Every structure is written in structure tokens, then in C-alpha cells.
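Every number here is computed from the coordinates shown, using simple stated rules; none is lab data. What you see is a predicted model; the values in this text were computed from it and never measured. Please note: Cβ atoms are built from the backbone with ideal geometry, for glycine as well, and neighbour counts cover all protein chains shown.
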Amino acid sequence: MADVIEAGAARTDAPPPAGRPYRAGGSGRFTPYLFLAPYLLIFGVFGLLPVVLGVWLSLHQWDFQLPNRPFVGLDNYAELFSADSVVYADWWQAVRATAIFTVASVPLLVTVPLGLALLLNRAFPGRTFFRAVYFAPYVLGVAVIGVLWRFLLDANLGLVNRVAGVFGLPADTPWLTGMPWAWISLVGVTVWWTCGFNAVIYLAGLQDISPELYEAATMDGAGTWDKFRNVTLPGLRPVLLFVVTTTVLASANMFGQSFLITQGAPGTETRTVVWYIVQEGLRDNDAGRAAAMSVVFALLLALVSVANFRLFRYRED
């Protein structure tokens, strides 16, 4: 009887025959794809399909109010680079406005949150409270931020000019209708609104840096700047890549602040690319031209993202 039990145990513990894949619990090789199927379905419907439809629209003269939508090939793209077209000047004006906002806001949204994170990473009374205070504006929607700051920055009735007058400063600054005040307003509001998010990301990255590295640097006689340059920044390289990439993309896609706060003023100086695309596609019912603008703009942002990844790429040491 004991020999039979030992033989059965030996057969149970024996490895599967050569050439036949072992399937634990009866699961097959298609099981991972079944788990991925919901995501792939959502990505295909809400991610890939809109891209394909956008490219298809860009090849047509697509007016929602007309029954015929003729195929025009690359004409919608050619108009964006032809000085004789009706959209050339407005398109490049929007690109210029987007570039101004991105160049002005990204350095502040990368450095200011980093400074806040370094301060909030220290131990001091009320640290949790200040972390919540700096992050609190980010939970508000762009509609709330836009309406709030439009009233605060109003040249005649706004609280900002009233407070400035109390302290003897100019009380008639055209924050919403003059240049460069309109850009200062948009950049300042955006930094105030979103810097808390980047600060939280930096905080998470700082807490992943081993304290032993700072202790070793101190023993070697490194000062505060040397620790920041040789320990903190290298440890934050992946975080910096994420923050810079997402901040550039978010700034380039700015729409709500300009639409609600300055309303493109003065003139169309603060009308960004996304706003112009929305205007062409929804107000003027030219979805084909708007789709072509979207494709070109997406390619520009892709090039910027690739350049950013190459700038922060890891070096094999």
C-alpha cells in the first residue's frame, strides 16, 4: 500500500512531459489578452478611432450643415502653410500665442513647484496644512478659476487694482485688455492654479531618494548646493522628465484660461491654437480644416515630446 502511495506522489510531483506547455490552473496562453481586452476596447473606441476619424475628416471639406462633403486631399494642410489662404495669418497667430504662453509658463511650472517641494519636504510644524493649501487650487475646475480671476483682474471693478491702489501702485492696470499684462495674468493664474500638482509629484520623488546619499555627501564636505546638484537632481531625473513633458503638453493645450479670462484680448493676441481649432470646427462648421490643424498641432507636440525625452534620456554609465 505504501508503495502505491509513493508511486502516486511521484506521478503527481513529476514535471509535465517535454514539448507540452504547462498550464497552471488550466489557464491558457490567451488569458493575458482576455485581461487586456477591456482596456484595448476602450483605447480603440476612445483613443485610436478618433485619431483615424480625425485624419479622415482632414482630407475632406467637412461642413456639418451641408449634405456633400467632397474629398480635397491635402488641401486643408496646404492652406496652413500657404500665405495666400484665408486661415494662414490666424493660424500662425494662434501658434505664436501658444508658443508665448508655453515658453513663459513652463519654466515657472517646473522650478516654482520644485522649490515648494524642497521646502515642504522638510520637517516643520504645520507642514501637512501647507501641503494641502498649495494643492487646493488644483482641485478647482477651469471654469471656476476663469470666472473668479476675470472678476478679480477687471480693470475697473477688480479687487487686484483696488488693493494696488491702497498701496500706492497703479490702480488702472489693464490686466485683461493690454499687453503684456494679459500674458502676465494668464501665466500668473496658471502657475497659481497648477503648481500644487507638480509640487506633489516632486514630493513623491524626493521621498524616494535615500537619506544615506545625503549623509554620505555631508561626510564628504558637500554643501547645500552640491547636494542639490549631485544628489537631488540626479535622483529626480525620471520625475523631471514626467513633469516637464506633461507641463509642456498641458501649456500647449491651454484653452480655458484664455477663453474665460482674457477672451482672446487684446484683439486675438491671446487666442491659442486649441481655441482657434474649436472656433473653426464648431463655430464656423469647418471640421475638415479644424481636423487638419489638430493633426499638424499633434505632430508638433510629438516632436517636442521626443526632443524632451532625448534631453532627459538616461546615460549608460
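Values computed for the structure shown
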quantity: Of the criteria (1) assigned to a helix (DSSP H, G or I); (2) within 25 Å of A252 (Cα to Cα), which one L34 fails; calculated: (2)
quantity: Residues located in the range 55-69, provided they are of a type outside the set (D, E, K, R), in a loop (DSSP other than H, G, I, E, B) and within 12 Å of R289 (Cα to Cα); calculated: L59, Q61, W62
quantity: Filter result for D208 (without any contact (Cβ under 8 Å) to a residue 60 or more places away in the chain, in contact with a helix residue (DSSP H, G or I) (Cβ under 8 Å, 6 or more places away or on another chain), farther than 19 Å from F101 by Cβ and surrounded by fewer than 16 Cβ atoms within 10 Å (Cβ to Cβ)); calculated: yes
quantity: Meets criteria (surrounded by 12 or more Cβ atoms within 10 Å (Cβ to Cβ) and touching a Lys or Arg at 6+ places or on another chain (Cβ under 8 Å)) for L203; calculated: yes
quantity: Selection from the range 168-185 of residues that are part of a helix (DSSP H, G or I) and of a type in the set (G, A, S); calculated: A182, S185
quantity: Extreme residue, farthest from L233 (Cα to Cα), among residues of the range 100-124 that are surrounded by 15 or more Cβ atoms within 10 Å (Cβ to Cβ) and among the small types (G, A, S); calculated: A104
quantity: Which numbered condition G73 fails, given (1) assigned to a loop (DSSP other than H, G, I, E, B); (2) under 31 Å from the mean Cα position of the chain (by Cα); (3) among the small types (G, A, S); calculated: (2)
quantity: Of all residues in the range 57-81 being touching a helix residue (DSSP H, G or I) at 6+ places or on another chain (Cβ under 9 Å) and surrounded by fewer than 12 Cβ atoms within 10 Å (Cβ to Cβ), the one that is nearest to V191 (Cα to Cα); calculated: F81
quantity: Hits in the range 182-195 (condition: in contact with a Leu (Cβ under 9 Å, 6 or more places away or on another chain) and either among the aromatic types (F, W, Y) or within 14 Å of T246 (Cβ to Cβ) (or both)); calculated: T190, W193, T194, C195
quantity: Single condition R313 does not satisfy, out of (1) surrounded by 14 or more Cβ atoms within 10 Å (Cβ to Cβ); (2) out of contact with any helix residue (DSSP H, G or I) (no Cβ under 6 Å at 6 or more places or on another chain); calculated: (1)
quantity: Residue, farthest from S58 (Cα to Cα), within the range 251-285, restricted to residues that are in a loop (DSSP other than H, G, I, E, B) and polar (S, T, N, Q); calculated: Q263
quantity: Candidates G196, G165, G188, filtered to the one that is free of Cβ contacts under 8 Å to residues at least 24 places away in the same chain, in a helix (DSSP H, G or I) and under 21 Å from V142 (Cβ atoms); calculated: G188
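Rundown of residues vs (1) within 14 Å of the chain's Cα centre (by Cα); (2) surrounded by fewer than 20 Cβ atoms within 10 Å (Cβ to Cβ); (3) closer than 23 Å to W193 by Cβ; (4) free of Cβ contacts under 8 Å to residues at least 12 places away in the same chain, yes/no style:
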site	(1), (2), (3), (4)
P238	no, yes, no, no
T246	yes, yes, yes, yes
L260	no, yes, yes, no
T272	no, no, yes, no
W275	no, no, yes, no
A291	no, no, no, no
